[in-house]
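See structure below.
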Protein chains: 2
Amino acid sequence: MNLLKKHDPNGPSSWRKAKMERDTQRLLADIYEYSKRLFAEHQRSVLLVLQGMDGSGKDGLIRELFKLVSPAWVNVHSFKAPSVEELTHDFLWRVHDKMPEKGMITVFNRSHYEDILVPSVYGGLAARDIEKRYKQINDFERMAEENGTKIIKVYMNIAPNVQAKKLRERIDTPEKHWKHSDQDWETREHWAEFMEVYEKIFLKCNDVPWHIVPCNRNWTKLYAVSKLVADTLKKMDPQFPPLKSDKFTPNYEKARISY
Amino acid sequence: MNLLKKHDPNGPSSWRKAKMERDTQRLLADIYEYSKRLFAEHQRSVLLVLQGMDGSGKDGLIRELFKLVSPAWVNVHSFKAPSVEELTHDFLWRVHDKMPEKGMITVFNRSHYEDILVPSVYGGLAARDIEKRYKQINDFERMAEENGTKIIKVYMNIAPNVQAKKLRERIDTPEKHWKHSDQDWETREHWAEFMEVYEKIFLKCNDVPWHIVPCNRNWTKLYAVSKLVADTLKKMDPQFPPLKSDKFTPNYEKARISY
């Protein structure tokens, strides 16, 4: 398996920017329409898992993707280093707590996959305990899907030289200083090791499939992920529920109006 | 005091639709810019409390207000009837839990004021215990503001006949059936009692001031609340933080790049 080496972070050569941008606008409108239905139906939910190296554009993507959608229908959760309280529990405890409510779309900006990635590259957990996490994550994701949460897993693929440009912008641009972390440059030194762990994740945690998305350019990234989210929602086909009333029938002129 | 009788839910006669809609676009852009800074600064937060009768347009307002803003910077929380677990705690326990994190804007779609309104109109709590809640809420809101959470409290004023039209649309329009609740029509029978309690709330819980907003029409509602939110954010004047780095100085050409 060498999925990442085979994948072009610039996107397929057949993609034309103008066409994809037009398609994206249509897909964003679909996401609005279907996420409204999902919220109205109030039975199922969607979890969008975003993984990728620093600077692969997760924050910008989240803003663009849900531009038409109400913030009341979308939750975004960024997983940082676990707190002291979180560390007193198993690694999936804090993840479970943030899973979407019925009717909602939740975005994980980083996720439980960090709990495989970080110890695999930096140590701190026995190899056999890391090994167990692959199966535990598969079991957890299957349980969530069986209970009505559709999971979309995205790896945001960016080339190392494009990442460097993005990280450097954070140093050059005063409005982006807050995004800078020396740690991101340190993490970058371990690029090949991270890719090796990702390949293993794609292979072993693929019961809920991974989607590798080209992220060197913003328009390919936004097009690819909007298509994934829109297609998933369309396939779920959430329905507006019928009128629930003991007092009224549809068409109020026939109904008893009490005021 | 009779604030609500003096307030015109159509908005001031001096407001012109075309001009206010232009102004609103500018205000929404301001909300985007300043909420980004608030998030980057990561020191303070904003709580927007929305109260109003059913059909006063809270849901639509939330969607429009944060159209340009990332869902990663805004949380929306709707308080329903308390759960069994919530009822085993004081009434502010679940409210405190949902207060905004540093850097965030949180919207309460209904709030702790329901814990005064509902028992005042329907009973279930001794009058002297309801009385205590006014002070407890003042103390709680002051504590939150002293700790960096700026609170904006909005009463969404709609005329009873306009409300009836909105509620009837939910019966007539299949896509709106899910919003219908017989209970809303029952609540409506207690309109005068609710207004009386609101007047008392405006009088006694005004340490953090209330803003009564004209909600008969969507454009007056959106203009008035965008202005409140934009003005509050501008007054807070959140700042992009300086570069924090042990390795780099602004302008990367002078910096040691490790890759």
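The values are calculated or read from the model by the stated rules, or taken from the named source; none is laboratory data. Keep in mind the model is a prediction, meaning the values are calculated, not measured. Positions of Cβ are backbone-derived with ideal geometry, glycine not excepted, and every protein chain shown enters the neighbour counts. These area figures cover heavy atoms from the full protein model, side chains too; ligands, DNA and RNA do not enter into them. Shrake-Rupley method; radii C 1.70, N 1.55, O 1.52, S 1.80 Å.
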Quiz prompt | Simple Cβ-charge dipole of the range B:15-158, Lys/Arg +1 and Asp/Glu -1, about Cα centre, in debye nearest 20 | solution = 620
Quiz prompt | Sequence of A:R94, A:R16 when ordered by accessible area, the most exposed leading, probe 1.4 angstrom | solution = A:R16, A:R94
Quiz item: In nm, what is the difference between 0.36 nm times the number of residues separating B:D184 and B:H96 and their Cα-Cα distance?
Solution: 29.0 nm
Exercise. Arrange the residues A:F91, B:F66 by how much accessible surface each exposes, largest first, with a 1.4 angstrom probe.
Key: A:F91, B:F66
Quiz item: Cα gyration tensor of the range B:1-146, axes a ≥ b ≥ c as square roots of the eigenvalues: rounded (a/c below 1.5), prolate (a/b > b/c) or oblate?
Solution: oblate
Quiz item: To the nearest 10 degrees, how steeply does helix A:218-236 sit against the main Cα axis of chain A, on a 0 to 90 scale?
Solution: 40
Self-check item: Peptide-level mean, for A:58-68, of C-beta atoms on other protein chains within 10 Å
Solution: 3
Exercise. Output the relative contact order of chain B, whole-number percent, from Cα pairs under 8 angstrom with separation of 6+ residues.
Key: 33
Exercise. Please give the calculated 222 nm ellipticity per residue for chain A, where each DSSP H segment of at least 4 residues contributes -39500 (n - 2.57) and the sum is spread over every residue; nearest 500 deg cm²/dmol?
Key: -15000 deg cm²/dmol
Quiz item: Are there trypsin sites (Lys or Arg not before Pro) in the range B:176-257 that DSSP puts in a loop and that have at most 13 other Cβ atoms within 10 Å, and which ones?
Solution: B:K244, B:K247, B:R256
Quiz item: Roughly how tilted is helix B:127-146, in degrees to the nearest 10 and between 0 and 90, from the longest Cα axis of chain B?
Solution: 10
Quiz prompt | Accessible surface ranking that places the most exposed of A:I152, A:I212 first, with a 1.4 angstrom probe | solution = A:I212, A:I152
Quiz item: Taking chain A as a Gaussian network, Cα atoms linked when under 10 Å apart, which of A:Y155, A:Y134, A:Y122 shows the biggest mean-square fluctuation?
Solution: A:Y122
Quiz item: Hey, what's the protein assembly as shown come to in accessible area per residue, 1.4 Å probe, Å²?
Solution: 48
Quiz item: Relative to the present Cα-Cα distance, how much length would full extension add between A:D139 and A:D246 at 0.36 nm per residue of separation?
Solution: 34.3 nm
Practice problem: Classify the protein assembly as shown as rounded, prolate or oblate, taking a ≥ b ≥ c as the square roots of the eigenvalues of its Cα gyration tensor: rounded when a/c is under 1.5, otherwise prolate if a/b is larger than b/c and oblate if not. | Solution: prolate
Exercise. Pairs to check: B:K36/B:K227; A:K150/A:K179; A:K244/B:K200. Give those whose C-alpha atoms are more than 24 Å from each other in this structure.
Key: A:K150/A:K179; A:K244/B:K200
Quiz prompt | Residues of the range A:44-65 with amide N under 15 Å of a point placed 7 Å along Cα→Cβ from A:K165 | solution = A:55-57
Quiz item: Among B:H89, B:H211, B:H180, whose mean-square fluctuation peaks in a Gaussian network model of chain B (Cα, cutoff 10 Å)?
Solution: B:H89
Exercise. Please calculate the 1.4 Å probe accessible area of A:F140, with all protein chains present, and give it to the nearest 10 Å².
Key: 20
Self-check item: Candidates B:P100, B:P174, B:P82, ranked by Gaussian network fluctuation over chain B, Cα under 10 Å, top entry
Solution: B:P174
